[in-house]
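Working notes, structure below.
The values are calculated or read from the model by the stated rules, or taken from the named source; none is laboratory data. It should be emphasised that the depicted structure is a prediction, and the values quoted were computed from it without experimental measurement. Reconstructed Cβ throughout: ideal geometry from the backbone, glycine too, with neighbour counts over all protein chains shown.
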């Protein structure tokens, strides 16, 4: 797709957005679900087109060619799953019974080059996913492709040495690994993509699907982890128990400096190991209060200074309750993707065809496990 063609397509998308806005204004109504799906698909397509145009004037590199080859193979697989027909030998191994198993690291050899092509791997999803997760920013990683038990080298309980007399037999120190049992939950996501993007664009569909898949999983995992109550069909997030029995009930809408230190101490006094993953989490409104609440009288300092509280970073997420200030050591929170990630394509059913969209449906399994709930503490405000 040339830069001129991409510019034309962006103008078409903008015109469609204006048409939708004029219709909603004239009819004085909210968007229907079909209109929301169409808007999301066009928004994703426009974002990728604008990124491609920004890169169009840059010199072609081996990495650029590789990305285009990956996009070509993915497009070919998608078209085969939609319409059938011929498919190249290097792409055939990806498609399985109308769907695609997203590999961990699986090379597809292009017949015209010696460069292996990997259209989409689970790693392509997980790497940008970590960047969107608060836990990723403090060093806690998402394990993926897990088969069976957790594969994290983590000790749930502390090991402590003892003082003994000479020649006295030592008692074995118990290492608590009983909690390391995953119960993976099915995670599904449906991504609408405009048929125009699929039919007219070369290599564009992979970027759209990868971007939307990552964003959808990021929202779910952040909500799963930071919600004050346990989500339906999910395991407990790390702050569910801490919110139910807060370490500190604040006297006002924001904590005092003494209350902040009490929240921090509630976790640290339990013997958790500090390894660089300790941080604070709160809502944007709580963050504003922390930035404007003095630590004391006369120092001119505020509770939150330069994004830090008592030396620990503070992160903001909309999935934390507005009345909550949370502290945790996130190496005690395991996040894992289990088994395969499978994609199917739907463009033929009546409900989908009338929208002129193709739906990419992904299914996989995730789980979260809080190794020590006492590594997480919450202060809860009493006033609005």
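Here are a few things to note about the model shown:
- Search result, residues across region 221-273 that are in contact with a strand residue (DSSP E or B) (Cβ under 8 Å, 6 or more places away or on another chain), over 26 Å from residue 294 (Cβ atoms) and not in a helix (DSSP H, G or I): 228, 233, 234, 235, 236, 237, 238, 239, 272, 273
- Considering (1) touching a helix residue (DSSP H, G or I) at 6+ places or on another chain (Cβ under 9 Å); (2) modelled with pLDDT under 90; (3) under 30 Å from residue 334 (Cβ atoms), the lone condition that residue 255 does not fulfil carries the number (2).
- Residues of region 15-26 that turn out to be under 22 Å from residue 53 (Cα atoms) and touching a helix residue (DSSP H, G or I) at 6+ places or on another chain (Cβ under 8 Å), as a count: 2
- Exactly one residue among 23, 43 is at pLDDT 85 or above, over 23 Å from residue 209 (Cα atoms) and in a helix (DSSP H, G or I), and that residue is 23.
- Taken together, the residues in region 170-189 that are loosely packed, with under 14 Cβ neighbours inside 10 Å and either modelled with pLDDT of 65 or more or in contact with a strand residue (DSSP E or B) (Cβ under 7 Å, 6 or more places away or on another chain) (or both) amount to 4.
- Selection within region 310-347 - more than 26 Å from residue 293 (Cα to Cα) and in a loop (DSSP other than H, G, I, E, B): 347
- Among the numbered conditions (1) at pLDDT 85 or above; (2) on the phi > 0 side of the Ramachandran plot, the only one that residue 298 does not meet is (1).
Here is a yes/no grid of residues against (1) at pLDDT 90 or above; (2) in contact with a helix residue (DSSP H, G or I) (Cβ under 9 Å, 6 or more places away or on another chain); (3) under 30 Å from residue 206 (Cα atoms):
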site	(1), (2), (3)
234	yes, yes, yes
281	yes, yes, no
294	yes, yes, no
302	yes, yes, no
306	yes, no, no
312	yes, yes, no
327	yes, yes, no
335	no, yes, yes
338	no, no, yes
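- Complete set of residues in region 271-282 that are surrounded by fewer than 15 Cβ atoms within 10 Å (Cβ to Cβ) and at negative phi: 273, 274, 275
- Residue 285 meets each of the listed conditions (1) closer than 15 Å to residue 381 by Cβ; (2) out of contact with any strand residue (DSSP E or B) (no Cβ under 8 Å at 6 or more places or on another chain); (3) without any contact (Cβ under 8 Å) to a residue 40 or more places away in the chain; (4) surrounded by 15 or more Cβ atoms within 10 Å (Cβ to Cβ) apart from (4).
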